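This report concerns only the one structure given below.
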Amino acid sequence: MEPISIIFSSFLASMTGGLTNQITNVVGNEVQAQLVEYQNQQIDYQYQFWKIKDPSVCARIKMNDISKYSSCTITAKQLFSDTCSYLQSHPQQNWKYPKLKNMYCLAAVDFKPTIAQISQPSEAEAERWDAKQKCSLLTLNARSSASLAIAKERDIACSEYQRINSNSDL
């Protein structure tokens, strides 16, 4: 290839590549991943077409710990709301400004955090659960056995469960 052709080819490639990147940025058709530290919490999310993809919010911790995931999604909702408020009160002339403002304000309204609270059962709840489990297991054993001793043990365990359960209803 001639040197002039190489230079012209490079020039065309750089011009079209820059135009493609600019169109991609304006349209926002490529998935963009974000990891933001907000209120001492790492919040990850993705957006495409200038819309936050709800399932991607806090996705990196979703399967590991439901309590942390819940906390992350609640904080993410606050991040979206605070970012929306900030962008509304600080307008800019940048072409990305209206797109970002719309994206965060839409997420502030539409995103629904997962709210989960996991706690230890009370002593009474644990006692009732243990009695129910014992009654259930002995009922299964009694059905598969002709033993009168197992049937009697089942009757005692299920009576105990009924007593505990009726006392908890009061």
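Points worth noting:
- Just one of the numbered conditions (1) under 30 Å from Ile52 (Cβ atoms); (2) among the hydroxyl-bearing types (Ser, Thr, Tyr); (3) in a helix (DSSP H, G or I) is not true of Thr114: (3).
- Members of the stretch 77-116 that are closer than 19 Å to Tyr45 by Cα, under 15 Å from the mean Cα position of the chain (by Cα), surrounded by 13 or more Cβ atoms within 10 Å (Cβ to Cβ) and not β-branched (Val, Ile, Thr): Lys77, Gln78, Leu79, Phe80, Ala107, Phe111, Pro113
- Any hit, the stretch 161-169, residues being under 19 Å from Gln32 (Cβ atoms), of a type in the set (Asp, Glu) and either in a helix (DSSP H, G or I) or modelled with pLDDT of 95 or more (or both): no
- Odd one out for Gly28, checked against (1) at negative phi; (2) touching a Lys or Arg at 6+ places or on another chain (Cβ under 8 Å): (1)
- Residue within the stretch 57-74 that is free of Cβ contacts under 8 Å to residues at least 60 places away in the same chain and on the phi > 0 side of the Ramachandran plot present: yes
- Meets criteria (in contact with a Phe, Trp or Tyr (Cβ under 7 Å, 6 or more places away or on another chain), in a helix (DSSP H, G or I) and buried (at least 17 other Cβ atoms within 10 Å of the Cβ)) for Thr73: no
- With respect to (1) assigned to a loop (DSSP other than H, G, I, E, B); (2) farther than 30 Å from Ser166 by Cα; (3) under 28 Å from the mean Cα position of the chain (by Cα), the lone exception for Pro121 is condition (2).
- Of Arg60, Arg128, Arg143, all but one fail to be under 19 Å from Val36 (Cβ atoms) and at pLDDT below 95; the exception is Arg60.
The values are calculated or read from the model by the stated rules, or taken from the named source; none is laboratory data. Given the structure is predicted, the values throughout are model-derived calculations rather than measurements. Backbone-built Cβ (ideal geometry, glycine too); neighbour counts: all protein chains shown.
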